[in-house]
Amino acid sequence: MAVERTLSIIKPDATKRNLTGKINAKFEDAGLRIVAQKRIQLTPAQAGVFYEVHKERPFYGELCDFMASGPVVVQVLQGEGAIAKNREVMGATNPADAAPGTVRADFAESVGENSVHGSDAAETAAKEIAYFFSGLELVG
Ligand code: UDP
Ligand code: MG
């Protein structure tokens with residue numbers, strides 16, 4: 001399997017509860033390397049551009065407001081099959097369906113406030129990484 005990079009976001013519900021280190025430990029324990037990371041405050045408009053693919057969904061407005069409700073940690077994870085591996089470590093979108101030991105099973109508060117974002121495919125990963133990071137900031 002090829003070495004990939006994927007975009008991860010530790011969401012406001014998790015930064016608020018001081019869970020950045022515990023979540024990062026799960027990524028690193030799974031063999032994912034954090035090759036770029038920064039803590040930022042999004043505006044609702046910036047969150048809206050990031051989640052544009054969901055703009056017709058009923059939860060879009062709430063999602064954008066939530067993502068702008070506090071700091072987020074945006075990061076690039078690198079490793080063999082990193083996109084799928086990160087999705088495994090994250091667990092299902094709804095924490096009620098997430099496998100034991102996953103980030104969302106252990107930490108998510110609800111289907112909306114579910115602690116982490118992860119890219120879902122190679123094309124979206126490239127686009128999402130470029131939204132937050134320049135090439136100079138990625139140090140594998
Ligand atoms: N979301 C929500 N209600 C839903 C489905 C999703 O609030 O019924 C939010 C949730 O924060 C989720 C994000 O929208 O993580 C993006 O949804 P997606 O289906 O892409 O899930 P993910 O890829 O994050 O697992
Ligand atoms: Mg998604």
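Bear in mind that the values in this text are calculations on the coordinates, not laboratory data. Since we're looking at a predicted model, the values are computed, not measured. Counting neighbours? That spans all protein chains shown, and the Cβs are built from the backbone with ideal geometry, glycine included.
Here are some notes:
- Pairs where the first residue, in the stretch 113-140, is closer than 17 Å to Lys11 by Cβ and the second is aromatic (Phe, Trp, Tyr) and within 15 Å of ligand 2 (Cβ to nearest atom), C-beta under 7 Å, 6+ apart: Glu113/Phe66; Tyr131/Phe50
- Criterion violated by Asn86 - all others in (1) at negative phi; (2) away from ligand 2 (no atom under 14 Å from the Cβ) satisfied: (2)
- Residue in the stretch 8-20 that is assigned to a strand (DSSP E or B) and of a type in the set (Ser, Thr, Tyr) present: yes
- Being within 11 Å of ligand 1 (Cβ to nearest atom), among the basic types (Lys, Arg) and over 13 Å from the mean Cα position of the chain (by Cα) holds for only one residue in Arg33, Arg57, Arg87, and it is Arg57.
- Checking each residue in the stretch 53-83 for being within 13 Å of Pro12 (Cα to Cα) and within 13 Å of ligand 2 (Cβ to nearest atom) picks out Leu63, Met67.
- Count - residues of the stretch 104-127 that are touching a helix residue (DSSP H, G or I) at 6+ places or on another chain (Cβ under 6 Å), within 11 Å of ligand 1 (Cβ to nearest atom) and part of a helix (DSSP H, G or I): 1
- Residues located in the stretch 43-87, provided they are surrounded by 21 or more Cβ atoms within 10 Å (Cβ to Cβ) and among the polar types (S, T, N, Q): Gln75, Asn86
- Selection within the stretch 1-12: residues that are within 14 Å of the chain's Cα centre (by Cα) and more than 16 Å from ligand 2 (Cβ to nearest atom). The member of this set that is surrounded by the fewest Cβ atoms within 10 Å (Cβ to Cβ) is Pro12.
- Among the residues of the stretch 87-100, the ones that are in contact (Cβ under 8 Å) with a residue 12 or more places away in the chain, of a type outside the set (Val, Ile, Thr), within 25 Å of Ala122 (Cβ to Cβ) and touching a helix residue (DSSP H, G or I) at 6+ places or on another chain (Cβ under 7 Å) come to 3 in all.
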